[in-house]
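A short reminder: the numbers here are calculations on the coordinates, not readings from a lab. As the structure is a prediction and not an experimental result, all values here were calculated from the model. Note that we place each Cβ from the backbone using ideal geometry, even for glycine, and neighbour counts take in every protein chain shown.
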Amino acid sequence: MGVALYPGSFDPFHLGHLDVVEEAVGIFGEVVVGVMVNPDKPASWIPADERAALIRESTAHLGRSVCVECFSGLAVQAARSIGAAAIVKSARTGGDFEVEQQMAQMNRASAGVRTVLVFSRPEHSFISSRYVRQYADLRGPMDRELVPAPVARAIAARRPS
Ligand code: PNS
């Protein structure tokens with residue numbers, strides 16, 4: 001089916017993201033995870049190159065089906081630069097869906113790039129990078145698995161003892 005681009009800020013990459021990568025590999029065969037800037041939240045928690053390295057470690061079990069790259073600019077430009085058949089995104093809630101629908105229609109109308117929505121496992125559908133960051137920064141309990149092991153280790157290393 002060709003390569004798919006899965007763009008996101010992944011700050012940090014969590015288990016819902018990992019589900020989407022695994023699903024997208026099952027559908028497309030090959031996925032490029034694009035670490036990008038969301039203009040609505042430009043300041044990063046983990047630097048982009050470190051995020052990319054953590055995603056590489058977290059998806060190592062998928063072998064050569066997944067590659068991780070940092071991109072600047074628009075998602076459609078990144079999609080074109082790798083010859084992507086489609087952009088893969090996900091939505092957890094109705095609110096997410098509305099945002100994704102608008103971006104997908106914008107990207108289709110302006111650049112002819114299609115978007116396919118892929119969903120995480122239901123047990124991970126409440127996880128958001130935003131609340132993982134808050135829990136980490138405000139020393140919330142992180143007993144439940146929220147992020148892949150390499151990301152959990154990186155978060156633990158950031159926490160002041
Ligand atoms: O993980 P996020 O923060 O929901 O990812 C959003 C992201 C980075 C995929 C989105 O902000 C994006 O596509 N940024 C690149 C700029 C762009 O293409 N904007 C136009 C959207 S119609």
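Worth a mention:
- Leading residue at positive end of dipole, the chain (Cβ point charges), from S81, V20, L117: S81
- Residue-averaged 222 nm ellipticity for the chain, from DSSP H runs of 4+ at -39500 (n - 2.57), nearest 500: -13000 deg cm²/dmol
- Computed over the alpha-carbon pairs of the chain, the distance histogram in 5 Å steps reads 1, 9, 18, 22, 22, 15, 7, 3, 1, 0, 0 percent, short to long.
- With the simple spin-label model, which puts each label point 7 Å out from Cα in the Cβ direction, the D96 to A53 separation comes to 2.8 nm.
- Charge-dipole axis of the range 2-158 as Lys and Arg at +1 and Asp and Glu at -1 on Cβ define it, positive-most pick from M106, V33, A52: M106
- Given their separation in residues at 0.36 nm each and the Cα-Cα distance between them, S128 and M1 gain 42.8 nm when the chain is fully extended.
- Figure legend: label point modelled 7 angstrom from the Cα of N38 along Cα→Cβ; residues of the range 134-155 with amide N under 19 Å from it are 134-138, 146-148, 151-152, 155.
- Taking the Cα centre of the chain as reference, the dipole from Cβ charges on Lys and Arg (+1) and Asp and Glu (-1) amounts to some 200 debye.
- Computed lengthening from M106 to R121, 0.36 nm per intervening residue step minus Cα-Cα distance: 2.7 nm
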